[in-house]
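Undergrad: One structure, pasted below without further comment.
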Amino acid sequence: MESMPVFLTIETTCDETAAALVTDQLQVLASVVASQDQLHQQYGGVVPEIASRAHVERILPVIHETIQRAGINLTDIDAVAVAYTPGLAGSLLVGVTAAKTLALALGKPLIGINHLQAHIYACRMAAGKDVFPCVGLVVSGGHTCLYRCRDPLDFELMGTTIDDAAGEAFDKVAAMLGLPYPGGPSIQRAAEKGNPHKYAFPRALLDDPNTLDFSFSGLKTAVRYAITGPGRHDPTQVKLSDQKVADLAASFQEAVVDCLVGKSFRALEITGFQRLCVGGGVAANKRLRTRLEEEATRRNVELVIAPLKLCTDNAVMGAIAVEKWKAGMFDDLYLDAEPGVVRRPLPVGSG
Ligand code: KG4
Ligand code: ZN
């Protein structure tokens, strides 16, 4: 192995246990992702305690496998990076503890990374060239965030969901429609045979020029009432024809996509940036990708969407640690898991 610095990156924020080895030139030496989808499928969503236990079982085998695939030794690692925020508390703890232990044992620097910023950095990895400055849209199971990304280390939150994340809405609506977890791919598949204009679902906040925030909770309720009618019926007990499922899925998907596309291009107008980078599991959605491509072409904006395996959680995107390393930004062993997403501070006097 030549003397190029090698970074081990660890990702355990939600339900994927992942590790990767990347060089300071952003070359990927190996990447391993152990998905827990099967463990959570029967519950229709991620069960945090099951997720953390599975991370405990998998973290060491995943790291070993990554090192083996790269054909290097543990001692060849020059820095250990880990996503420490945001995510599920128990899940984050496993990765953070593994990273701190390795950094201590190897006597190498530790670098904490923000999982949402890493999702945008997946676009940098995919593009193979600088993608900053850009507007960054992260659409995942837990988050829906728009950032003004001035450079890889300067992210300013411009808008976020005030209730459900986009992916969460996909997962919950899929459950209502009796479609399997994870809901995103199931809805996408069902929507292929559906009419996206059959149901006029709400596009909350889309036409509000004063905010780049999102809201998907009302949309979810609207789908529920389209299934059950008024009242407190259990949507999963209602027998729906395949066509109705397809139409509901397509109309729901279209509403989410309208909001994501509308606000992203509004953010581009506000920032004056000419590039949009999109990451997170929902960025795998075909309809969203098509609509973003159409709009980007129309407005002459450069669009970078990570390929599917870099959209969903992975450790390659943790290569954002290389930027921190170059800037001399290291962490010490007090680095802790920080589950919550940092939202804008409340206005003064709001309690
Ligand atoms: O980024 P990710 O792997 O994990 C989190 O950090 O949350 O995102 C997972 C989310 C799930 O909600 C899943 O339903 C959604 O991404 N997803 C999709 C698609 N593939 C995955 N949503 C819409 N369309 C898809 N094709
Ligand atoms: Zn994620």
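The values are calculated or read from the model by the stated rules, or taken from the named source; none is laboratory data. It should be emphasised that the depicted structure is a prediction, and the values quoted were computed from it without experimental measurement. Quick reminder, even Gly has a Cβ in these numbers, built from the backbone with ideal geometry, and neighbours come from all protein chains shown. In case anyone asks, the SASA skips ligands and DNA or RNA and just uses the protein heavy atoms, side chains included. Shrake-Rupley method; radii C 1.70, N 1.55, O 1.52, S 1.80 Å.
Undergrad: Considering (1) touching a residue at least 12 places away in the same chain (Cβ under 8 Å); (2) open to solvent by 20 Å² or more (accessible area, probe 1.4 Å); (3) assigned to a loop (DSSP other than H, G, I, E, B); (4) not basic (Lys, Arg), say which one Ala226 fails and leave the rest.
TA: For Ala226, the failing item is (3).
Undergrad: Count, please, the residues in the stretch 20-57 that happen to be within 16 Å of ligand 1 (Cβ to nearest atom) and over 23 Å from Val173 (Cα atoms).
TA: 8
Condition check ((1) in contact with a Lys or Arg (Cβ under 9 Å, 6 or more places away or on another chain); (2) open to solvent by 20 Å² or more (accessible area, probe 1.4 Å); (3) away from ligand 1 (no atom under 16 Å from the Cβ)) across all residues:
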residue: Pro235; (1), (2), (3): yes, no, yes
residue: Lys286; (1), (2), (3): no, yes, no
residue: Val301; (1), (2), (3): yes, yes, yes
residue: Ile305; (1), (2), (3): yes, yes, no
residue: Cys311; (1), (2), (3): no, no, no
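Undergrad: Return a yes/no flag: does the stretch 182-199 have any residue that is within 16 Å of ligand 2 (Cβ to nearest atom), surrounded by fewer than 21 Cβ atoms within 10 Å (Cβ to Cβ) and either in a loop (DSSP other than H, G, I, E, B) or at pLDDT 95 or above (or both).
TA: Going through the stretch 182-199, the residues within 16 Å of ligand 2 (Cβ to nearest atom) turn out to be 182-185.
From the residues that got through so far, the ones that are surrounded by fewer than 21 Cβ atoms within 10 Å (Cβ to Cβ) too are 185.
Among the residues that remain, those that are also either in a loop (DSSP other than H, G, I, E, B) or at pLDDT 95 or above (or both) are: 185.
Yes, the conditions are met somewhere in the stretch 182-199.
Undergrad: Under 7 Å between Cβ atoms, which residue pairs at least 6 apart in sequence (or on different chains) link something in the stretch 147-172 that is hydrophobic (A, V, I, L, M, F, W, C) with a partner that is modelled with pLDDT under 95 and within 16 Å of ligand 1 (Cβ to nearest atom)?
TA: Final answer for the pair search is Ala165/Ser140; Ala165/Gly141; Ala165/Gly142; Ala165/His143; Phe170/Gly183.
Undergrad: Among what's in the stretch 52-84 and is outside any helix (DSSP H, G or I) and either modelled with pLDDT under 95 or farther than 25 Å from Leu116 by Cα (or both), pick the residue that is least open to solvent (accessible area, probe 1.4 Å). Quick ask: steps written out before the conclusion?
TA: At the first step, the residues of the stretch 52-84 found to be outside any helix (DSSP H, G or I) are 71-73, 77-84.
Now narrow it down to the ones that are either modelled with pLDDT under 95 or farther than 25 Å from Leu116 by Cα (or both): 71-73.
Values: Gly71: 66, Ile72: 14, Asn73: 94 Å².
Among them, the one singled out is Ile72.
Undergrad: Just need a number here: residues in the stretch 297-312 that are farther than 15 Å from Val131 by Cβ, in a loop (DSSP other than H, G, I, E, B) and at pLDDT 95 or above.
TA: 1
Undergrad: Could you please find all residues in the stretch 85-132 being part of a helix (DSSP H, G or I), within 14 Å of ligand 1 (Cβ to nearest atom) and either of a type in the set (Gly, Ala, Ser) or under 15 Å from Ala19 (Cα atoms) (or both)? Steps first, please.
TA: Just the residues of the stretch 85-132 that are part of a helix (DSSP H, G or I), to begin with: 89-106, 115-127.
With within 14 Å of ligand 1 (Cβ to nearest atom) added as a condition, the list becomes 91-92, 95, 115-123.
Those that are part of a helix (DSSP H, G or I), within 14 Å of ligand 1 (Cβ to nearest atom) and either of a type in the set (Gly, Ala, Ser) or under 15 Å from Ala19 (Cα atoms) (or both): Ser91, Leu92, Gly95, His115, Ala118, His119, Ala122.
Each row is one residue, and each column tells you yes or no for (1) open to solvent by less than 30 Å² (accessible area, probe 1.4 Å); (2) away from ligand 2 (no atom under 14 Å from the Cβ).
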position	(1), (2)
Val135	yes, yes
Thr144	yes, no
Asp151	no, yes
Asp164	yes, yes
Arg203	no, yes
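Undergrad: The conditions are (1) buried (at least 21 other Cβ atoms within 10 Å of the Cβ); (2) more than 13 Å from ligand 1 (Cβ to nearest atom); (3) closer than 30 Å to Phe7 by Cα, and Lys263 fails exactly one of them. Which is it?
TA: (3)
Undergrad: Could you list all residues from the stretch 105-126 that are within 16 Å of ligand 2 (Cβ to nearest atom) and open to solvent by 50 Å² or more (accessible area, probe 1.4 Å)?
TA: Within the stretch 105-126, no residue meets the criteria.
Undergrad: Right, Thr13: within 16 Å of ligand 2 (Cβ to nearest atom), in a loop (DSSP other than H, G, I, E, B), at pLDDT 95 or above and not hydrophobic (A, V, I, L, M, F, W, C) or not? Can you show your working first?
TA: Details: within 16 Å of ligand 2 (Cβ to nearest atom): yes; in a loop (DSSP other than H, G, I, E, B): yes; at pLDDT 95 or above: yes; not hydrophobic (A, V, I, L, M, F, W, C): yes.
The answer is yes for Thr13.
Undergrad: Hey, can you tell me all the residues within the stretch 143-153 that are over 19 Å from Ala127 (Cα atoms) and in a strand (DSSP E or B)?
TA: Here is the first cut: in the stretch 143-153, the ones over 19 Å from Ala127 (Cα atoms) are 143-146.
Across the stretch 143-153, the qualifying residues are Thr144, Cys145, Leu146.
Undergrad: Continuing with the same structure: Restricting to the stretch 159-191, name every residue that is under 20 Å from His233 (Cα atoms) and polar (S, T, N, Q).
TA: Result: no residue meets the conditions.
Undergrad: What are the pairs, 6+ residues apart or on separate chains, where a residue within the stretch 40-63 that is in contact (Cβ under 8 Å) with a residue 60 or more places away in the chain has its Cβ under 9 Å from a residue that is exposed (fewer than 15 other Cβ atoms within 10 Å of the Cβ) and of a type in the set (Lys, Arg)?
TA: Taking only residues 6 or more apart or on different chains, not a single pair turns up.
Undergrad: Which residue, of Leu29, Leu93, Leu102, Leu88, is buried (at least 17 other Cβ atoms within 10 Å of the Cβ), in contact with a Cys (Cβ under 9 Å, 6 or more places away or on another chain) and at negative phi? Don't jump to the end; show me each part of the working.
TA: On the way: Leu29 fails: in contact with a Cys (Cβ under 9 Å, 6 or more places away or on another chain); Leu93 fails: in contact with a Cys (Cβ under 9 Å, 6 or more places away or on another chain); Leu102 fails: in contact with a Cys (Cβ under 9 Å, 6 or more places away or on another chain).
Exactly one of Leu29, Leu93, Leu102, Leu88 is buried (at least 17 other Cβ atoms within 10 Å of the Cβ), in contact with a Cys (Cβ under 9 Å, 6 or more places away or on another chain) and at negative phi, namely Leu88.
Undergrad: Moving on to the next point. Within the stretch 229-265, how many residues are outside any helix (DSSP H, G or I) and touching a residue at least 40 places away in the same chain (Cβ under 8 Å)? Before you say what the answer is, go through the steps one by one.
TA: We begin by selecting, within the stretch 229-265, every residue outside any helix (DSSP H, G or I); these are 229-234, 238-241.
From what's left, touching a residue at least 40 places away in the same chain (Cβ under 8 Å): 240.
Of the residues in that region, 1 qualify.
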